[in-house]
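Each reported figure results from applying straightforward, stated rules to the coordinates on display, with no laboratory input. Source: prediction; values computed, not measured. Heads up, the Cβs are rebuilt from the backbone with ideal geometry, glycines too, and the neighbour counts pull from every protein chain shown.
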Amino acid sequence: MNMAMLSFFQISISLLLCTQTTISTEAFAADPNDTTKTNNRCRAHERSALLAFRAGLSDPSNRLSSWEGVDCCQWHGVRCSNRTGHVIGIDLGDGGCDLFGVPGMQALGGNISSSLAGLRYLQHLDLSCNKFDNPRIPGFLGSLHELRYLDLSQSSFTGRIPPQLGNLSHLHHLSLASDSFVMIEPQPSSMLYTDDITWLSRLSSLEYLNMEAVNLSTAANWVPVVNMLSSLKFLRLARCQLPGSRYSSLHSNLTSLETLDISENHLHEPIAPNWFWDLSNLKDLYASMNHFYGTIPYELGNMTSIVWLDLGLNNLVGMIPPTLKNLCNLEGLSLDQNNISGTLTEFCQHLPSCSRGKPKTLFPPYSNATRSQPAKLSEPLSNLTLLDLAFNELRGAVPPWIGEFTKLEILDLRFNSLHGVMHQGHLSGLKRLKDLRLSGNSIAITVNSSWVPPFNLEEVELASCQLGPKFPAWLRWQTNVDYLDLSNTSISDSLPDWFWEVFSSVLDLNMRNNQITGVLPPTMESMAIEALVLGSNQFSGPIPNLPTNLYILDLSRNNISGPIHVNFGDLLGLEMILLFDNAISGRIPSSLCNLSSLRLLDLSENELTGPSPDCVFNASQGRLQSLSLRNNKLSGEFPSFLRSCQYLSFLDLTENQFHGTLPPWIGEELPSLVFLRLRSNMFNGDIPVDLITKLDNLQYLDLAYNRLSGNMPHSIVNLKGMTQTPNSLDSGIFFSLGSEYISLVDYTENITIVTKGQERLYTGEIVFMVNMDLSCNNLTGNIPEEIGTLIALTSLNLSSNAFSGEIPETIGALVQVESLDLSHNELSGEIPTSLSALRSLSHLNLSYNNLTGKIPSGNQLQVLDDLATVYIGNPGLCGDPLSKKCPEDGLPDDTLKDHQHRSDDVFLFVAIGSGFVMGIMAVFYVFLFKTNWRVLCFAFYDRLYDEIYVQVVVSFNLLMRSIGRS
């Protein structure tokens, strides 16, 4: 949700609160017939009913301490009639919800006792923003027939809304909102719902109805039912999963309706025709994020009372209709992120001329056309107080006409493609400016160092703008700033002396990702800061005592040193602590367990020593969801302070000196674990069976480089988190911290993992990884057949153990696996043929085992990384890609060569013999059939014989004579 939508919803909540206050005042007003006063205060049976009600509640902040004594009319939150003494009002909603709908520290708990049914004259009941244990809204509330005001919103109720509430015929105000417009905790599957909405039609006096985030997906008749409530002035059905209305021809009976909120219902239907376009008295219409499509209907011009119109984040097309000119009361218009055609200049020219000077808030549409900047924009909008052009992909330099909006209070140009220089001429005319939002651009703000701005800002968002290298001196005069974001602004300077004094009242301070030097001042404890984000800078020195109202602390990637001796135990509101990648030394203090609101703690990459803290989080308050202590020098056994951290989903103790056995209570006490990393420690003993059987959500298990022994548990079949592809929306800490954290610190886990034979850095995408790494231990026995049930695994590493037996055939079921390492074990037998079915496999290592037989073939197995080393160290293997051939494929290579050589010799001998025989046969043929040739041949041989004979005899005689003389 962008800031434009947030602003609109904040306005909506303001209107809601105003209406609540009005109706609450009416409900609490004295009886109109009350003309006399009486001393008959607090009826005894009603006092007893209240005490029984209180007995069922838990009150950690002691809000109900005044609930004692005789006169219950003096008790906190209780009001009685001055005339009769009867209890007519209970208001215990002042525990308060924050902006995101989360009950505060003052919230009540426990159960709502049925004793309240004894308060027959009760007119006003407000139990909102509490944490009751009742799973469902009590049905007995329907017996309180005098109720005019009922508010049960944000009080942890789930399940079906009791139809008995339809008996409250005098009810004017009903609020059953399941949560507010931004979720922090994951939405429960058993959210508040009603499968039959007809009971609402009996509330004929109802003026205010708020059922935000109540599941109405099965209430197909919701429009006709609501249409029967002719007295309605306020109707809020945002995020109710409403089915498509399809009531285009319905004649609306809601003639008194002034505010309608049906946003975020994803209706996926044409915006016209629709049932709400003839609500002529409507002042505020919120219909964003509904996937409405088509052109804006001409019927819009009939809504002449409209003041706020929000149709943002839909799929609307075309230009706004000319009937928009009839909306003379229009003050706010949001069409952002639609495909409204025309330029921004044309869009402004289509605004109603009768309301010129009235529009104060403008969220223009998102379209290709609006990216071009108009030459002038101020003429029809001279009274504009809020201009939101965020997320419109505007290009070029900041337009000079910005400085002509002299009444502008909020300027939002965030996340466009603006660049160039913004100088004093852009800002000097904006004397009323309170919020300057330029984040997400490449704007260089260049002003004189002596320039004194004419405005005094409350919100400064300049992330990613070019402000450095010197710290901007013009900020010295901004003494009322609540929110200051100077992150990633190229500042490489020390903070000026005046900084901490000028911004002593700032609530959110974000200067991460710069090169700012200096130390944190000792006076910080007295500051008002709630979110301190200074990560990725060059701050040094120790951490001073911090403000007690701090809820976010980010000093990561700095040069902070010294021990953690700050007043952490007093910072009860701390929800996020990021101190990783510093030089912090000493031990982790036991006061850590006092932080009942803590959700995320990252102390990795420091020099912490000693055992873990000797303390335990309170089971009812421990909200820790992510803990990283990796790469320190911590020792001792597995941290016992984690017991009862039932919400912990990410735990990283990698690269420390923890030892001892893994406690079996891990599976029992930490049921929400999704990522468990204990790599490179000295844990020994067996892998606890309970660690496997109880961790249903576990999808990342890294126990590598320890001293674990024993067998791999067959109960791995219980690891449900490894049997289905992970959904990022369900992945623990990564998506449950809320958008307010993401916008401030942009925190995702930064960890290195070993996969595909190498170490890699993963950030947010780790939520999609399903890994098991048990390498470099002393595990023995067979690899269990159940390994094939973990079909979502993307990486499996069992290398460097003592596993024996055969590789299970079921390993071929791991269709998602990309990296499989079974090397350096004692595995035997043949490689299962099912391995060739792993189409996602890109890295395989089966080296140095006792595997035998033929290597299976398959397309994927032929394109693996480093194919030459996959099978090395297994002398019994044969077949491609090895040079050793298998017997069933024919003779070995040497035998084949010898056989081929011998065949060549035989062929040669046969050829020579055949030639000799053929020659002899040719001579015989000539002698047999050619007489003349035969006579000549024999005569030639006779002469040749005689000559040779004579020559031999003569030579012999000569030789003998020579011998005789010698």
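Could you order peptides 954-963, 435-444 by the average number of other Cβ atoms within 10 Å of their residues, highest first? Please list the in-between numbers first.
Numbers: 954-963: 9.4, 435-444: 20.5.
Ranked by mean Cβ neighbours within 10 Å, highest first: 435-444, 954-963.
Search the structure for amide H atoms under 5 Å from the amide H of ILE807, placed 1.01 Å from N in the peptide plane, and list their residues when 5 or more places away or on another chain.
Under 5 Å from the amide H of ILE807: SER828.
Taking a threshold of 19 Å on the Cα-Cα distance, which of the pairs LYS360/LYS407; LYS694/LYS720; LYS407/LYS431; LYS407/LYS434; LYS233/LYS283; LYS131/LYS720 fall above it?
Details: LYS360/LYS407 9 Å; LYS694/LYS720 10 Å; LYS407/LYS431 7 Å; LYS407/LYS434 11 Å; LYS233/LYS283 10 Å; LYS131/LYS720 31 Å.
In this structure, LYS131/LYS720 lie more than 19 Å apart at Cα.
Could you rank the peptides 699-707, 74-82, 528-536 by their average count of other C-beta atoms within 10 Å per residue, with the highest value first? Numbers along the way, then the final one.
Values: 699-707: 23.0, 74-82: 18.2, 528-536: 21.1.
Highest mean packing first, the order is 699-707, 528-536, 74-82.
I'd like the FRET efficiency for GLU888 and HIS659, computed as 1/(1 + (r/R0)^6) with the beta carbon distance as r and R0 of 56 Å, rounded to 0.05. Each step should come with its number before you reach the end.
Values: r = 51 Å, r/R0 = 0.92.
The value I calculate is 0.65.
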